[in-house]
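Encoded as structure tokens, the structure appears first; notes follow it.
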């Protein structure tokens, strides 16, 4: 198979050679097939590449390939052992995709030589938490990006035509030679390529378990773990309310990311311990609880199994006293603003969205701003090509300065203007309101006015572009991170005393 691949590659390159030279050159005939190339069989994650292909200062070497992808959750035991044997010197390496081994080993292989490497990879190694884990140790040994072909869909000819979003990343030793970003076939020359495959800094963001700024806690919505038994459609809800006059006290509206963005009505049984005896008198509800119990009691998940006795409730049962702010986990990269919004206290937010309970209008304004969107674009992971918002990387790390009460009052006015503009279009979904081609002019203007007010909280001089915004935010982030680290060390010393 390897020999056949080499022959095919040779044939393909011969065709390119002939096309570029037109009538001025001919390649050697590939037939009859001749034995060529040196093929070594082995586990690339385990073998010493310098033994397989020794490299010297006189050589010019290119390492290329399309290694296995496999996210951390999809690796079998043998593949996990491959990571243990090859990249255990990297902190939190078990969270990396399998292909990370090739990037790390190739970086060490080409270090200090006239050599480069390039691999096709899933785009996940350039998103979210993996960015800091993988690229920091590679950059620290004097390796940088040579070029990057950003997200594109890769399909094969196998049955079912499996598809995946991939990137192509080239590595080289640090050089002053320009780098190249290729997006949708357009080549851009740049002096720097960030780990997120953007024109920008190579510095990394460290995930934080609590906000660096003075923000309220954001958490994941309630995890149901009910096999859908405690969730019902609008039609089912209407039928139950027509049949049982008091049942509305154990039914609540459920709004996750999809429901919020596309205005889909869904409901769930939300049964407090005080209302359990009533719930069990209703056959449809009792059946749902029994089914949920059977699902949990037979689960191999110890935590889920232990919650079988609470089969009338979601695995998590958090409520708020006032309005909650809903932040979708996944949002289209095509939107200029991530659609977020308030829901009332009687609405349940499941784990398909993130939530700030009892949130105020100020945090809404900060999170819906252009400054925050620029930060999200840099820090978020992706689901295919959509942003995947992370509490630890996007929210907890976002730097926002301390501001005066007058500034807060001013920002609130702009927030209310956005909410008023939304209210003028009751028939439109969030998806329609925030579609760049259909976004109402009044709503866009309200957002832009908020953007200006938010940016003036950082500095009075306007930002020229998103690159300048990100550079400023990163500087603020590093300063806040340093203060937070010093504060943590001081607290430790005080405890010892």
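Points worth noting:
- Residue list for region 214-240, restricted to those being assigned to a strand (DSSP E or B) and surrounded by 18 or more Cβ atoms within 10 Å (Cβ to Cβ): 222, 231, 232
- Qualifying residue in region 204-219 (condition: in contact with a strand residue (DSSP E or B) (Cβ under 9 Å, 6 or more places away or on another chain) and at pLDDT below 95): no
- Screening region 49-79 for residues that are over 26 Å from the mean Cα position of the chain (by Cα) and either outside the structural domain of residue 119 (by TED's automatic domain parsing) or part of a helix (DSSP H, G or I) (or both) and picking the one that is farthest from residue 109 (Cα to Cα) gives 78.
- All told, residue 354 meets the bar of being touching a helix residue (DSSP H, G or I) at 6+ places or on another chain (Cβ under 8 Å) and part of a strand (DSSP E or B).
- Within region 222-249, the set of residues being more than 20 Å from residue 357 (Cα to Cα) and in contact with a strand residue (DSSP E or B) (Cβ under 6 Å, 6 or more places away or on another chain) comprises 230, 231, 232, 237.
- Annotation: residue 124 fulfils all but one of (1) in the same structural domain as residue 63 (by TED's automatic domain parsing); (2) in contact with a helix residue (DSSP H, G or I) (Cβ under 7 Å, 6 or more places away or on another chain); (3) in a loop (DSSP other than H, G, I, E, B); the unmet one is (3).
- Residues in region 91-107 that are part of a loop (DSSP other than H, G, I, E, B) and surrounded by fewer than 19 Cβ atoms within 10 Å (Cβ to Cβ): 91, 92.
- Scanning region 48-80 for residues that are out of contact with any strand residue (DSSP E or B) (no Cβ under 9 Å at 6 or more places or on another chain) and either surrounded by 14 or more Cβ atoms within 10 Å (Cβ to Cβ) or under 22 Å from residue 132 (Cα atoms) (or both) yields 68, 72, 73, 74, 75, 79, 80.
- In summary, residue 366 fulfils each of the numbered conditions (1) modelled with pLDDT under 95; (2) surrounded by fewer than 24 Cβ atoms within 10 Å (Cβ to Cβ) with the single exception of condition (1).
- Flag for residue 449 being outside the structural domain of residue 127 (by TED's automatic domain parsing), farther than 27 Å from residue 221 by Cα, crowded, with 16+ Cβ neighbours inside 10 Å and touching a helix residue (DSSP H, G or I) at 6+ places or on another chain (Cβ under 8 Å): no
- Scanning region 113-120 turns up one or more residues that are surrounded by fewer than 18 Cβ atoms within 10 Å (Cβ to Cβ), over 21 Å from the mean Cα position of the chain (by Cα), over 23 Å from residue 201 (Cβ atoms) and in the same structural domain as residue 58 (by TED's automatic domain parsing).
- Residues that are closer than 19 Å to residue 278 by Cα and surrounded by 15 or more Cβ atoms within 10 Å (Cβ to Cβ) within region 241-257 comprise 244, 247, 250, 251, 252, listed in sequence order.
- Residues in region 165-213 that are free of Cβ contacts under 8 Å to residues at least 12 places away in the same chain and in a strand (DSSP E or B): 186, 187, 188, 189.
The values are calculated or read from the model by the stated rules, or taken from the named source; none is laboratory data. On a predicted model such as this, the values are computed, not experimentally measured, just so you know. Neighbour counts run over all protein chains shown; Cβ positions are idealised from the backbone, glycine included.
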